[in-house]
1. Give the share of C-alpha pairs in each 5 angstrom bin for the stretch 1-86, from 0 to the last occupied bin, in whole percents, shortest bins first.
2. If I model a spin label as a point 7 Å beyond the Cα along the Cα-Cβ vector, how far apart are those points for GLU113 and ASN88 in nm?
3. When the Cα centres of the stretch 87-106 and the stretch 107-130 are compared, how far apart do they sit, in Å?
4. Zone of SER76 (label point 7 Å along Cα→Cβ, backbone N under 12 Å): which residues in the stretch 1-26?
5. Name the residues whose placed amide hydrogens come within less than 5 Å of the amide hydrogen of LEU53, ignoring near sequence neighbours (fewer than 5 apart) on the same chain.
Amino acid sequence: MNNVILIEGPITATEFIEFRKLMGGPDIDMPAALKSVSNALLTVCLREDGRLLGFARVVGDGVLYFYVSDVVIHPSLRSGGYGALLMNSVLGYLKGSAVPGATIVVVPLAGLESFYERFGFKRCPDGHFGIGMHLPLPDSHDSG
Ligand SMILES: CC(C)(COP(=O)(O)OP(=O)(O)OC[C@H]1O[C@@H](n2cnc3c(N)ncnc32)[C@H](O)[C@@H]1OP(=O)(O)O)[C@@H](O)C(=O)NCCC(=O)NCCS
């Protein structure tokens with residue numbers, strides 16, 4: 001048995017940095033992590049005895065544009081329904097905040113599309129939206 005609980009509330013910058021490493025994402029420094037965690041519209045996390053075991057975030061303007069980011073479960077807890085628990089909490093927030101006509105997006109890592117389809121997300125292009133795009137930036141600085 002475990003005591004994993006779902007909490008709505010921020011994660012710390014240190015936790016964010018650690019989990020990004022876990023996901024294989026590029027390193028970020030503390031000021032970037034602080035700004036990112038404090039600017040999220042929504043953070044829902046899973047904790048056991050205070051220890052962070054997963055989280056999901058939504059960023060955007062809170063009414064018309066929403067981007068679901070960083071849905072991540074610690075490897076020790078995967079395939080136990082916790083990703084779905086986080087996503088259902090995210091959907092509840094979106095239903096309560098987005099106005100009709102709002103744009104809600106996620107950019108899944110390759111292969112993760114079907115995970116998001118389970119929660120109602122549609123693949124692009126779909127007749128209205130074209131194929132999704134992103135802007136890669138050159139490495140503007142190193143960690144020092
Ligand atoms: C993707 C992730 C969040 C799923 O979390 P999880 O707790 O393992 O998922 P759940 O146990 O809640 O699974 C919910 C449903 O999604 C399905 N699912 C889980 N991982 C999936 C995947 N990688 N691809 C497609 N479907 C997946 C499950 O089969 C389950 O379906 P069911 O309801 O029919 O049984 C987790 O694997 C993870 O943290 N991955 C690494 C980080 C990452 O890549 N995040 C996404 C960035 S875009």
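All of the numbers you see were taken from the coordinates with simple rules; none came from a lab. Source: prediction; values computed, not measured. Virtual Cβ from ideal backbone geometry, glycine too; neighbours counted across all protein chains shown.
1. 3, 14, 25, 26, 18, 9, 3, 0, 0
2. Taking the two extended label points, one gets 2.7 nm.
3. Cα centres, the stretch 87-106 to the stretch 107-130: 15 Å.
4. 2-4
5. LEU46, ARG47, GLU48
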